[in-house]
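Here the structure comes first, spelled out in structure tokens, and everything after it is commentary.
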Amino acid sequence: MINRLFILTLLLIFTAPINMVAQKVKDPHKKATKVFKRGFYEEAIPIYEKYIRKDVFPAQANFKIAESYRLSNRLKQSEPYYQKSLNMGLENDTAQFYYGLALIDNQKYDKAENQLKSFISQADSITPDYFVTYAKTEINNLEALRKIKEKKSHYDVVPVRELNTPGADYAPFYHDGYVYFTSTRSSNKVYKATGQGYSNLFKAPFTDRGIAFDQIEEVPNINDPNVNDGTIAINDDGTTIIFAKGNTGKKKGREEVNLFITRYNKRTEQWSEPRMMKINQRGYWTSSPIFSSNGRTLYFASNRPGGLGGVDLYSAQMDAYGNFRAVKNMGSEINSPGNEMFPFVHENGTLYFSSDGHPGLGGLDLFRATRVDGVITLENLGEGINSTYDDFAITYTYPLGGLFSSNRPSGVGDDDIYAFINNDPEYKVVDYFLTVQTLGNEGSEKVPLENTRVQVFNEQGKLLERFFTDGEGKFKMKVTPESNYLIVGEKPEYFTTRLRYSTNDKAVDKSELEKYRTVVNLDTTLTLMQVDTKTVFELENIYYDLDKADIRPDAAKELDKLVTILRDNPEINIELSSHTDSRAPDAYNMDLSQRRAQSAVDYIISQGIDESRLVAKGYGETQLKNECANDVECPEEKHQENRRTEFRVIGYDLEAVQAREQMIRQKIEEEERKAEEERIRKEQERRQQLLLEQQQNQQQEAQDSTQTIQEKKRVEENDSLYKKDDDGDGLY
């Protein structure tokens, strides 16, 4: 039997027999009806059973027993009573519909599908669209159930036996070294709707060794022994607590469930008196709160009008004064025709919640909602953590494990708290970081280059990051596995240099990792050559056909590298030189080398480089690199050393380089300044919008308050709960 702040008490007004015609007839089950209307379902069941034994309208009595089980969250136990009432000839759409849901809860899927299809086929104009839509949704869910059952489970689940009692223990919540939970353990009064005690909030220390069961205590300044208290939420810094309170079960008590808030005053070191929040809606159930990671959004569940099903998930935004307003239904991507409740926000931003309306194994199942490129995808967590019973109220105590609630038979009481670990390697997080060190050459040594401007591009040429290196010439950036990057370093007096870096084959095997989060550090170096007119750079693999100066395709690929250098360094002018070996007349070699040098320069000009920056020079055999001069016999490898193409810098406009660098840095500073101004502007607009919304909400609340007072007066004048006890049996 589940308490959960008696979630479905108020749903009764929405689930009364659909096709019963209002008429004044004598109630054959008068005593049981009075108890039932008070929501004392546990007391009502034996009274209806007595009517059945006396054969007093047994079909209706069986139906009411089924409803008593369903409305006290015991749908599994309602099945035989719905079946009996229908077999006895009861014509009731409510019985037809919920009998199908009860069959699903008891894993009688084929019978459930046939029952729901029969219900849809018999629906008429007075059958609410909600029930028909819900039935169709459940039929579709049955088709999806096979895939859920085929899903491999990576969850290890065990009951926390020392924490559980024969009563109800549920809705665990972890915060700052404590586990908070709801329990009926200490109540000495019976809540007649469920036959159990009133629920209260408790807490216990939680360390690396687990829960300190011998230190369980009530949460101070919150619990009321005559009211159900439960489902707590605490913001990140621990200064705000929101919890649910309601369901006294008394005639003049609170009939709904509301959220209350209390705040910690650091100056007085005291908690404020809990007060009812303005996001509640009178006469309806509002509970299971949770904060977003930044504390500015509150998620909760409610059965207020305007939703998509029985209980929906909602969000509320904090305004400039710290009040939660702007309540918004989370929409059909999250909510279903069934019930969604007990939201939880993981530290990575993922939303978890429980639902009996999305495809599941039965009862409430745990779901995860993820958003990718603006599209929300729901995932049933699968068997293991979910069962054919109610599984709900998940909380993470560390990134891959935590606690949740369930009324599965393996517990020690009603609702029990279970611990779980998710061993799915795909949910382990690996962060890859690349450290790049820029180096410059000083003679034969390489030294770190600080304050080097570095840009990082992806394969498509999009700028990803922009850095200035630190005193060790380093910068660090986050990278992704199986990706390619282009890293460009620029610094006056040095060649602008490119480095291609790939993370292919650098990913780690998640199945071998023990920790939830692993950091992989990668490193590489980017060497920038100093610009001077003495250094000669040889271009490799520049080959020509015999006695020809034409640029071959393979040589063009190598010359393209020099084109890139010239584009990256627009302030340099170069001499491109060609050299031959000594195995031909000197004049011939001189002419051949000049033609080849000019062909290379012409090719570079064809690629868009200004000809004024290039000088072609043929040196023939005048600058041999070894001893293989005229009339000296040498192997071919020695002659190959002398046949080469080189370039050297013959002009460098340092002032232009420095001016360009200064302009770029000024532009970066200007972009950063504008970005900051834009951030401030948007923040101001957000605050103005919040103030406007607050004013609008205050106006709406004043209007709603007047309407609520009028509605309450009407209910008190007409509802049997507020009428006198004419027969003196103590029931209203």
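The values are calculated or read from the model by the stated rules, or taken from the named source; none is laboratory data. These numbers come from a predicted model, not from an experiment. Neighbour counts are summed over all protein chains in view; Cβ atoms, including those assigned to glycine, are modelled from backbone coordinates with ideal geometry.
Can you find, within the stretch 85-131, the residue that is farthest from residue 387 (Cα to Cα) among those that are of a type in the set (Asp, Glu) and over 34 Å from the mean Cα position of the chain (by Cα)? Across the stretch 85-131, the extreme among qualifying residues is 124. Contact annotation: residue pairs with Cβ atoms under 6 Å, 6 or more positions apart or on different chains, pairing a residue in the stretch 514-526 that is more than 18 Å from residue 499 (Cβ to Cβ) with a partner that is of a type in the set (Lys, Arg) and not in a strand (DSSP E or B), are 516/428. Within the stretch 112-166, the residues that satisfy the criterion of being surrounded by fewer than 16 Cβ atoms within 10 Å (Cβ to Cβ), assigned to a helix (DSSP H, G or I) and of a type in the set (D, E, K, R) are 117, 129, 136, 143, 146, 147, 149, 150. Kindly establish whether residue 326 is touching a helix residue (DSSP H, G or I) at 6+ places or on another chain (Cβ under 6 Å), over 26 Å from residue 141 (Cα atoms) and among the hydrophobic types (A, V, I, L, M, F, W, C). Yes, satisfied.
Specify which of the listed residues (475, 420, 433) is touching a Lys or Arg at 6+ places or on another chain (Cβ under 9 Å) and either assigned to a strand (DSSP E or B) or over 30 Å from residue 174 (Cβ atoms) (or both).
433
Scanning the stretch 291-304 for residues being in contact (Cβ under 8 Å) with a residue 24 or more places away in the chain and surrounded by fewer than 24 Cβ atoms within 10 Å (Cβ to Cβ) gives a total of 6.
One line per residue, one yes/no per condition, for (1) surrounded by 17 or more Cβ atoms within 10 Å (Cβ to Cβ); (2) acidic (Asp, Glu); (3) farther than 22 Å from residue 646 by Cβ:
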residue: 493; (1), (2), (3): no, yes, no
residue: 502; (1), (2), (3): no, no, yes
residue: 515; (1), (2), (3): no, no, yes
residue: 521; (1), (2), (3): no, no, yes
residue: 538; (1), (2), (3): no, yes, no
residue: 542; (1), (2), (3): yes, no, no
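Taking residues in the stretch 336-350 that are outside the structural domain of residue 365 (by TED's automatic domain parsing) and part of a strand (DSSP E or B), and partners anywhere that are small (Gly, Ala, Ser) and surrounded by 15 or more Cβ atoms within 10 Å (Cβ to Cβ), not one pair has Cβ atoms closer than 6 Å while being at least 6 places apart or on different chains.
Taking the listed residues 500, 567, the one that is part of a helix (DSSP H, G or I) and either at pLDDT 90 or above or over 30 Å from residue 661 (Cα atoms) (or both) is 567, with no other qualifying. Apart from one condition, residue 372 fits all of (1) of a type outside the set (Asp, Glu); (2) in contact with a Ser or Thr (Cβ under 7 Å, 6 or more places away or on another chain); (3) without any contact (Cβ under 8 Å) to a residue 12 or more places away in the chain; the exception is (2).
Would you check if there is a residue in the stretch 312-322 being aliphatic (A, V, I, L, M), assigned by TED's automatic domain parsing to the domain that holds residue 379 and over 28 Å from residue 360 (Cβ atoms)? The answer is yes; a qualifying residue exists. Considered as a group, the residues in the stretch 638-681 that are of a type in the set (A, V, I, L, M) and surrounded by 11 or more Cβ atoms within 10 Å (Cβ to Cβ) include one that is farthest from residue 615 (Cα to Cα), and that residue is 668.
Does residue 384 satisfy the criteria of being over 26 Å from residue 286 (Cα atoms), surrounded by fewer than 21 Cβ atoms within 10 Å (Cβ to Cβ), of a type in the set (Gly, Ala, Ser) and touching a strand residue (DSSP E or B) at 6+ places or on another chain (Cβ under 9 Å)? Answer is yes for this residue.
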